[in-house]
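Below is one structure; the comments refer to it alone.
The values are calculated or read from the model by the stated rules, or taken from the named source; none is laboratory data. From a predicted model like this one, the values you see are computed outputs, not experimental measurements. Cβ atoms come from the backbone with ideal geometry, glycine included; neighbour counts cover every protein chain shown. Side chains are part of the model used for accessible areas, which takes the heavy atoms of the whole protein and leaves out ligands, DNA and RNA. Shrake-Rupley method; radii C 1.70, N 1.55, O 1.52, S 1.80 Å.
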Amino acid sequence: MNPGEYKNLNEVERLHWFYRTKREIVRYWLLKSYPLQSDSVLADCGAGTGLFASEMTDICHVIAIDSHEDALRFAEQNIGAENVKKGSCTALPLKDSSVDCITALDVIEHVEDDRLAVGEFARVLKPGGVIVVTVPAMPLLWSDWDVALHHYRRYHHTGLLKLFDAALFEIIHWNYINVLALPAVFAVRKLHPLFRSAAADESNRRLEDKMLPSFLDNTLSFAFKALACQSWILFPAGVSLLAIAERR
């Protein structure tokens with residue numbers, strides 16, 4: 001991402017309904033899918049500012065991995081330099097079969113060869129370990145927002161699940177998430193460029209990162225989590241995708 005994006009992310013992700021709720025959702029599914037203990041090792045790949053990694057340290061040992069110097073500086077502040085490693089999703093600074101769980105939260109869309117990244121995840125995961133991945137969904141939603149964040153793609157569920165070689169992984173859960181926000185996000189992504197001034201700067205383009213009144217913020221957070229932390233409804237579309245795979 002652009003250096004300014006990490007500053008923007010660090011400022012909003014602690015409080016903004018989307019970021020904080022996404023972390024809660026991933027934590028829920030991670031604990032539901034694997035018996036994490038104090039000596040378990042979780043690698044947060046593409047950790048960004050390291051906020052999610054820091055929130056998981058009350059449960060297990062966490063390693064935050066990122067390739068960008070700006071992200072590494074923020075991550076060191078949040079989780080401590082001793083728990084931060086520089087590396088990419090296609091070249092993780094970890095030994096074979098050395099970690100119990102991996103999280104890659106809105107990361108592999110930034111990787112040109114996403115299949116290579118998933119193969120690298122398989123290399124470092126212990127047998128029986130799990131990976132939780134979130135990605136932006138619905139190619140229909142592609143916009144200048146994706147361009148600004150240096151995305152290579154948005155995913156349909158079939159494309160995401162195909163990345164997980166059946167000989168290496170078993171998919172134990174997947175679903176579209178952030179479902180109720182889909183109409184509003186579609187409108188923002190498609191209509192906002194029509195009204196944006198040619199001189200608009202990066203911060204003006206990120207309408208979705210603006211803080212909302214507390215009632216609306218809490219309502220969106222509740223709906224986001226309630227629909228994402230269930231397994232009886234498989235949604236046909238959503239703003240994001242979540243998948244959990246177990247290493248064979």
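Here's the yes/no breakdown for (1) of a type in the set (V, I, T); (2) over 19 Å from K22 (Cβ atoms); (3) open to solvent by 30 Å² or more (accessible area, probe 1.4 Å):
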{"site": "D96", "(1), (2), (3)": "no, yes, yes"}
{"site": "D100", "(1), (2), (3)": "no, yes, no"}
{"site": "A104", "(1), (2), (3)": "no, no, no"}
{"site": "K126", "(1), (2), (3)": "no, yes, yes"}
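For segment 162-177, state whether one or more residues are polar (S, T, N, Q), surrounded by 13 or more Cβ atoms within 10 Å (Cβ to Cβ) and within 19 Å of K210 (Cα to Cα).
As a first pass, look at segment 162-177 and keep what is polar (S, T, N, Q): 175.
Subset that is surrounded by 13 or more Cβ atoms within 10 Å (Cβ to Cβ): 175.
Still in the list and also within 19 Å of K210 (Cα to Cα): none.
No - not one qualifying residue is present in segment 162-177.
Mind telling me which of the residues T158, T134 ends up being surrounded by fewer than 16 Cβ atoms within 10 Å (Cβ to Cβ) and within 19 Å of the chain's Cα centre (by Cα)? Step through it out loud before you land on a result.
Details: T134 fails: surrounded by fewer than 16 Cβ atoms within 10 Å (Cβ to Cβ).
None of the others qualify; the one that does is T158.
Please pick out the residue among E202, E170 that is modelled with pLDDT of 85 or more and under 22 Å from the mean Cα position of the chain (by Cα). Give the derivation first.
Working: E202 fails: modelled with pLDDT of 85 or more.
So the residue among E202, E170 that is modelled with pLDDT of 85 or more and under 22 Å from the mean Cα position of the chain (by Cα) is E170.
Quick grid of which residues meet (1) touching a His at 6+ places or on another chain (Cβ under 8 Å); (2) open to solvent by 20 Å² or more (accessible area, probe 1.4 Å); (3) assigned to a helix (DSSP H, G or I):
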residue: Y6; (1), (2), (3): yes, no, yes
residue: V26; (1), (2), (3): no, no, yes
residue: D44; (1), (2), (3): no, no, no
residue: G48; (1), (2), (3): no, no, no
residue: A64; (1), (2), (3): no, no, no
residue: L72; (1), (2), (3): no, no, yes
residue: K85; (1), (2), (3): no, yes, no
residue: R115; (1), (2), (3): no, yes, yes
residue: V118; (1), (2), (3): no, no, yes
